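Notes follow the structure.
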């Protein structure tokens, strides 16, 4: 298991890099800890890669991920497990079971919330809907309007949870499907502007729901070098406010530690993505003081 750590003070100017400093060293007795574990673009990879694989030899696999997750939950029972989409497509398991196995295993691992990636439509929106009974966790997407589809009411814009007396709001964003996915696969799904929907979600989660921590599950992609103005996690963070953490997907970007981005209010936003195929597990720990101000420590764990 390999870890790379860092800390950041939300809304502050100072960023400390902590090499070799263990996570509990940051926690004071008066602080409450929330741990976020996350994956993205697992693409139906159930088993570890073979020992002869040119890049990911012996890495990944749901069983090893389950062991790591269980270890973290024993360390901190106030742990969330999230996924940023593209659960489907990539191995014969998907071709044979159509996504049932992926959802059953994620349910066994007790995922809390996931968003929807473009490859999750690869058996069409009807195929995705067919597998929902096997998913004992919630899906969120704020910028896919499913009102005229079979997913209407089954996918919510956001979800709130309370862990360790901290109220957490989680909303989802998906990439534009037109030109990426065949129209017959997503049918009447409407794509809404991610920045506009983020502004709506963060206002609702911050002001109406009174959330202490706001997380965006994004399948927009980390960044596009050939098109710097294209909507991405980095551009979303810069153009909005009140997001504390963006957990990304789609571009299969491996970040050894989360990226810090200044938002519209010049406050820090964490942006993280942990590659693909389940070879990494992301971890971000938030520590809240008595006034619900927080600091965070981020880690990427190689499975």
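Just so it is clear, none of the values below were taken in a lab; they were calculated from the coordinates. Keep in mind it's a predicted model, so treat the numbers as computed, not measured. Cβ placement follows ideal geometry from the backbone for every residue including glycine, while neighbour counts extend to all protein chains displayed.
Neighbour counts of other C-beta atoms within 10 Å: give me 39, 202, 160 arranged from fewest to most. Write down the numbers at each step before the final one.
Values: 39 30, 202 22, 160 14.
Ranking 39, 202, 160 by Cβ neighbours within 10 Å, fewest first, gives 160, 202, 39.
If packing is taken as the mean number of other Cβ atoms within 10 Å per residue, what is the order of 132-139, 120-127, 147-154, highest first?
120-127, 132-139, 147-154
Calculate the spin-label point distance for residue 195 paired with residue 239, positioning each point 7 Å from the Cα along the beta-carbon direction, and give it in nanometres.
0.4
To make sure I understand, if each residue's beta carbon is the centre and we count other beta carbons within 10 Å, what order do 119, 53 fall in, fewest to most?
Working: 119 21, 53 12.
Going from least to most buried by this count: 53, 119.
Using helices alone, I'd like the mean residue ellipticity at 222 nm for the chain: each DSSP H run of four-plus residues gives -39500 (n - 2.57), total over residue count, nearest 500.
About -5000 deg cm²/dmol.
I need the calculated FRET efficiency for the pair residue 132 and residue 162, taking r as the beta carbon distance and R₀ as 25 Å, to the nearest 0.05.
So the FRET efficiency works out to roughly 0.50.
Relative to the compact-globule scaling 2.2 N^0.38 Å, provide the ratio for the alpha-carbon radius of gyration of segment 180-251.
Numbers: Rg = 13.7 Å, N = 72, 2.2 N^0.38 = 11.2 Å.
Dividing the Cα Rg of segment 180-251 by 2.2 N^0.38 Å gives 1.23.
Apply 1/(1 + (r/R0)^6) to the Cβ-Cβ distance of residue 262 and residue 76, taking R0 = 35 Å, and write down the FRET efficiency to the nearest 0.05. Don't jump to the answer; show the numbers that get you there.
Numbers: r = 29 Å, r/R0 = 0.82.
The value I calculate is 0.75.
For a quick check: sort 214, 247, 231 by the number of other beta carbons within 10 angstrom, fewest at the front.
Neighbour counts put them in this order, fewest first: 231, 214, 247.
Using only the Cα atoms of segment 76-132, build the gyration tensor, take square roots of its eigenvalues as a ≥ b ≥ c, and label the shape rounded, prolate or oblate: rounded if a/c is under 1.5, else prolate if a/b is larger than b/c, else oblate.
Verdict is prolate for segment 76-132.
Could you work out, for segment 31-173, what percent of all Cα-Cα pairs fall into each 10 Å distance bin, beginning at 0 Å and stopping at the bin that holds the largest distance?
Values per bin, smallest distances first: 11, 40, 33, 14, 2.
Can you give the Rg to Rh ratio for the chain, taking only C-alpha atoms and Rh from Kirkwood?
Result for the chain is an Rg/Rh of 0.94.
Which residue fluctuates most in the GNM of the chain (Cα springs below 10 Å): 98, 179, 60?
Maximum among the listed residues: 179.
Based on the Cβ-Cβ distance of residue 225 and residue 184, what FRET efficiency does E = 1/(1 + (r/R0)^6) give at R0 = 41 Å, to the nearest 0.05?
According to the calculation, E is roughly 0.80.
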